[in-house]
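Here is the structure we will look at.
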Amino acid sequence: MNTLLERVTNYKDLSREEKIKELKELEDRVVSMNPHHTKPLRSPAYELELCKKITETFQKYSHPAQRELEIQKLLITNRLDSIRSDDLFAGRFFDGFFGFMPEMSGSYVGYYFMEPYLDNYLKSDSVTESERKEWERLRIFWRENATHNIAYRTAWNEIRQLKEKINAEWNNIPEHYMLEDVSSVSFWFVKDTTNRVAGPYMNIKLLLEKGIKGLIDSVKNEWSKNPDTSTHIYYNSLVELLEFFSNDVIGRYEKEAKEKNMDTLSSILSKIKKDPPSTLYEAMQLAWLYILVSRVLNIGRMDVWFGPFLAKDLKENRITLDDAQRLVDNLWKIMYEEGHNFNTRVILGGKDREDPHSADMFALLCIEATRKAKRTRPQTTLRIYEGISKEVLEKAYDAIGEGCTFPMILNDEVNIPAVSKLFAVNEKEAAKYLPLGCGEFTLEGINICSPNSAFLLPKCLEYALHNGKDALTGLQMGPFTGNVEDFKSFEDLFNAYDKQARFFMEIIAKKHAIGQKVVAENCPFLFLSILFDDCLKKGKGLLNGVRYLDGSTETNGFVNVADSLTAIKDLVYEKKKYSLKEIVKALDSNFEGYDALHKDLLSCPKFGNDDDRADNMAVMVHNHVGSVALEWKDKLPYLRRFYATHVNNHAHIAFGAITAASPDGRKNHEPLANGNNPTTGRDVNGTTAMLKSLAKIPASSVAGMVQNMKFSFQMFYKYREKTRSLLSVYFKLGGTQAMITVVSPQDLKDAMEHPERHQNLIVRVGGYSARFVELSRELQIEILNRTLNECM
Amino acid sequence: MHVKTVIFDIQRNSFLDGPGIRTTVFLKGCCFRCKWCHNPESFEPFPQTVTLPNGIKKTYGKEMTPQEVFDIVKQDKPFYDESGGGVTLSGGEPAIFFDFVREFFYLCSLNSIHTAIETNGFPPWKNYEAFLDYTDLFLFDYKVSDPEAHKYWTLVDLNPVLENLKRLVEINKKIILRCPVIPGVNDNDNHLSSIVELSKTYRLPVQIMPFHSTARDKWKALGLVYQFENLPSMTEEDVKKIIKRLKTLGINDSYLIYC
């Protein structure tokens, strides 16, 4: 990546086309680092016949519910994977580069067809001519009919009209949607056209109460009560699908288990074909199979579902805690192997649990499984509250202290009231809040709130500083909001930024609503709709029937914007040391020749140091983007409310790559601040200061924030009590979330290479004062080795 | 009255300078010249600018009033309250600047912030009298037990130190004995026995401060000759050995504070 960066930074010599090409390469390299799915996809060689059948079936049925039923039957039958010899649970699944899912690979939805995989396969010489012809025919069909393509086209046809309004230069937006082909350079609001249905959490508790036959009865019951005859096909499809699930999924595995002499498993499967589960093993098996075939990527509140079963089994001496641990460990292994990156969330804890005692028993098993396995999936999360079991919390800290990263911690005391306010729901409904994927909120069983776009705040500021132009490519991207010479006050600048943000939020919100409409019209998501209120009552598919259909956008770089505005307010409008024009000139030169100015920008107060000058600005920028998103509530069909979120994934690197230098002192292409956190290393006043800054950000403005914090290994082991106090105060002051990682030798190595990113690393010795980055290399290596020893 | 003094660091989230979570404030200026000091930038009471071995320019020391320091220290009050922590004055030798200490500790006690001072015990007793009433805890350094060796290693006499310690004990102030252990200098049984004896006689908790080599960059940058250039930091094993030794020599287990 370095040589690429070097080439790109010698910008002045490149033509505009060359610049765009270089930037795209850079971004693609960064983005390709983290695929979502982890099991290899089924090869096209294996799946030509299946694809032909799916395509035929798709054309045969016009009613979305019936079509989905028939295609699901085909897909699931062909894609279920066999039980491994060391599996205690049945249920594995092959994904293919085509199929039907609420969300695939981060960006596809419904009936999906991922052309880049096909392209790769077709490069091989072993593909025959006739196969090639068939695949081309299929490609053309799905380019027209895949849900993501329809959604993309429909949305963009409407959005293009906005382009005329501002005379923008969006000439390169492609006619169809293909993840890797979308020319994303500068078109960040196009690239993440993910019309997915991400993060739906089904009401699994209902499934476990009723069992399959019970669910069929519920469906039939609602059917008989519903006078609207247009819902008949939907209800009928549900019944048929549940029967298929019973006979051809559970039944199929029952047969396989018998053949493999797995008698316990086969009798469990036999039982749950129709009846509700009565033991822990049965409950876990039924839940897992249903989640598997629905193809949702996140799991949910396992301690709530399984706690009561565990308690009953223990009381009636059916199993021991060790047996239960074995079951959990095994399911953890399967979830890891079948899971998807950035997802597979298991949420434990929660203030609203009806039976916290039994739930805690199960939660301890889950944390133990997580601690032992130390893998990236499932992403275990713990919702804490006043009075949470000390044993559970300590066990969580044990796991974290061992370098687990999990459980991530959510603070119910702050989040439930915040969600109640933001989502406009009562506290009981708000207590159903769960984080999906990268940390965005949704409500279990009653809400769809899919984060379907990225929102680049630093780009909005960049456009505001260049009268709507992109600073790296010179293209007119946003509206004309004025020249910087004319911004006489800080408010003038902020108004320009506000206009840019609102313009792009309009694009994003409209794109979202239109996309969800297309999905709603084409994909009822039958399995999910059974376990979501109020689909059965209304007789409608998931997006049409769910009680609250909301949406969200993932912001990036709000801390960079806050720090930039703090610096501008201070140096331009208060101290009047530089004009805004000078600052923009310096940015345009990537600070070359502007050393003093660059230093001045860098030494302005930064978020994360408990300095109100910077922190107040961060709160303002945060509240602002939240309100700009909320502006869209009740304005669009298929979008009740719209939220901003600040989450954590690797996107801040990719998006930083396409963002020009910013007034917080950040250079061209450098990563943006990660999620909600101070720009790496800029929090120099230590952990207490950073925690205080983080706690100032109001939870009720956005639907989910992730706070990354690094603690040293020692803090969890030698100084557990003090660390506990630190976090306890943080949560009391309003901290919403904590994603804690332990400083690794890698971090220290990085600090040696990039000291500017680790200004905050303090060497901890009693009565001693020093920053790691101030030490000589020899001493740094010494400390590195010592840390290595402590970690082993 | 607003006495200023030169502060060279304010370190929040300190875990090792007294109970709970603390903020450690480092005052510049010291009456000792311990040859192993890990804060040699604290020797002189005036600001100093140096170039560190990695090329970074650094200025040690900035004049501040007690109020200015307090405004920073008070920001972590929620953490002090939760963890039983507070503020620790260190340095350097803070007891030299007794007016500052008095005013600063007064502000802290008005606001229910626990106060601790790390001191080598050498300044005149009247200095301590000035701020005794506002000091909750003394972190009292005990470095070398043989009087001649003490003069060699710290450049000052041991006797005044021991006398001040006695006075503090007599008026029932809370004290922790902070004992730096420097391999080859004071890790012998003579010194360790003296520690045990002090601990027993005055019923003092003891905290071992193992030698660490991370100070040598600072000595070099300041243009000072560092005698311990080649001495590596003590390991966990080394510390365990010292603790074991102290126990064998008769120290009461409950008086050992591990760090």
If we count every other residue with Cβ under 13 angstrom of A:F406's Cβ, Lys/Arg +1 and Asp/Glu -1, where does the sum land?
-> +4
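With every protein chain left in place, what is the accessible area per residue of region A:383-527 in square angstrom, probe 1.4 Å? Please report the intermediate quantities before stating the final value.
Numbers: 3870 Å² over 145 residues.
I get 27 Å² per residue for region A:383-527.
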Can you check what the net charge comes to around A:K488, using other residues whose Cβ is under 13 Å from the Cβ of A:K488 (Lys, Arg +1; Asp, Glu -1)?
-> -2
Euclidean distance of C-alpha centroids, region A:228-270 and region B:130-155, integer Å | 79 Å
Can you give the charge dipole size of region A:277-406 about its Cα centre, rounded to the nearest 20 debye, using +1 on the beta carbon of Lys and Arg and -1 on the beta carbon of Asp and Glu?
-> 400 debye
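Only helical DSSP H runs with n ≥ 4 go in: add -39500 (n - 2.57) per run for chain A, normalise by residue count and round the 222 nm mean residue ellipticity to 500 deg cm²/dmol. Kindly include the intermediate steps, with their values, before the conclusion.
Working: 34 runs with 414 residues, N = 792.
Taken over chain A, the calculation gives -16500 deg cm²/dmol.
Run the numbers on region B:5-257 and let me know its relative contact order in percent, using alpha-carbon pairs under 8 Å that are six or more apart. Can you show the working numbers first?
Details: 461 pairs, mean separation 45.8, N = 253.
Relative contact order comes out at 18 percent.
Please report the antiparallel percentage of DSSP beta bridges with both residues in chain B, rounded to the nearest 5.
Numbers: 12 of 37 bridges.
Approximately 30 percent, going by the DSSP bridge assignments.
Relative contact order of chain A, please, whole-number percent, based on alpha carbon pairs below 8 angstrom and at least 6 residues apart. It would help to have the intermediate numbers written out before the result.
Values: 1442 pairs, mean separation 102.9, N = 792.
So the answer I get is 13 percent.
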Interface B:A - total buried accessible surface [probe 1.4 Å, Å², rounded to 100] = 3300 Å²
Taking every pair of alpha-carbon atoms in region A:443-515, what share in percent sits in each 10 Å bin, from 0 to the bin with the longest distance?
-> 19, 41, 24, 11, 4, 0
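Once the Cα gyration tensor of the protein assembly as shown is found, what semi-axes does its equivalent ellipsoid get, as square roots of 5 times the eigenvalues, in whole Å, sorted largest first? Kindly include the intermediate steps, with their values, before the conclusion.
Details: eigenvalues 659, 264, 122 Å².
Value: 57, 36, 25 Å, ordered largest first.
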In nm, to one decimal, how far is the A:E56 label point from the A:S270 one, both placed 7 Å along Cα→Cβ?
-> 3.6 nm
Fully extended contour minus Cα-Cα distance, from A:T741 to A:S43, at 0.36 nm per residue | 247.6 nm
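Share of region B:5-257's accessible area from carbon and sulfur, percent, 1.4 Å?
Working: 5220 of 10320 Å².
Carbon with sulfur: 51 percent of the solvent-accessible area.
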Compare the Cα positions of A:G96, A:T229, A:F244 along the charge dipole of the protein assembly as shown (+1 at Cβ of Lys, Arg; -1 at Cβ of Asp, Glu; about the Cα centre) and return the one farthest towards the positive end.
-> A:T229
Extension gain B:K58-B:F46, at 0.36 nm per residue separation less the Cα-Cα distance, in nm?
-> 2.9 nm
Quick one: length gained pulling A:F93 to A:E402 fully straight, 0.36 nm per residue minus the C-alpha distance?
-> 108.1 nm
With every protein chain present, what accessible area does A:V296 have (1.4 Å probe, heavy atoms only), rounded to the nearest 10 Å²?
-> 20 Å²
Among B:G85, B:G18, B:G55, determine the one that fluctuates most according to a GNM of chain B built with springs between C-alpha atoms less than 10 Å apart.
-> B:G55
Sketch the reach of a paramagnetic label on A:K312 as a point 7 Å from Cα along Cα-to-Cβ, and name the residues of region A:264-295 whose backbone nitrogen lies under 12 Å away.
-> A:276-284
With a point put 7 Å past each Cα toward its Cβ, work out how far A:E259 is from A:E491 in nm, to one decimal.
-> 7.6 nm
Spin-label pair A:T229/A:Y121, simplified geometry with 7 Å Cα→Cβ offset, distance in nm | 4.4 nm
Please report, in Å, the Rg and the Dmax of region B:5-257, where both are computed over Cα atoms only.
-> 17.7, 50
Could you give the size of the charge dipole of the protein assembly as shown about its Cα centre, using +1 on the Cβ of each K and R and -1 on the Cβ of each D and E, expressed in debye and rounded to the nearest 20?
-> 680 debye
Tilt relative to chain A, helix A:558-568 - C-alpha long axis, 0 to 90 degrees, to 10 = 10 degrees
Is it possible to state the helix-based mean residue ellipticity at 222 nm for chain B, with each DSSP H run of 4+ residues giving -39500 (n - 2.57), the sum divided by total residues, to the nearest 500 deg cm²/dmol? What is it?
-> -10000 deg cm²/dmol
Note down the net charge around B:D146, summing +1 for each Lys or Arg and -1 for each Asp or Glu among other residues with Cβ under 14 Å from its Cβ.
-> -3
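So how strong a dipole does region B:5-257 carry about its Cα centre when Lys and Arg Cβ are +1 and Asp and Glu Cβ are -1, to the nearest 20 debye? It would help to have the intermediate numbers written out before the result.
On the way: 29 positive and 32 negative charges, 65 e Å.
About 320 debye.
The values are calculated or read from the model by the stated rules, or taken from the named source; none is laboratory data. Because the structure is a prediction, the values reported are computed rather than measured. Glycine also receives a Cβ, built like all others from the backbone with ideal geometry; neighbour counts cover every protein chain displayed. Protein only, heavy atoms only, side chains kept; ligands, DNA and RNA dropped before computing areas. Shrake-Rupley method; radii C 1.70, N 1.55, O 1.52, S 1.80 Å.
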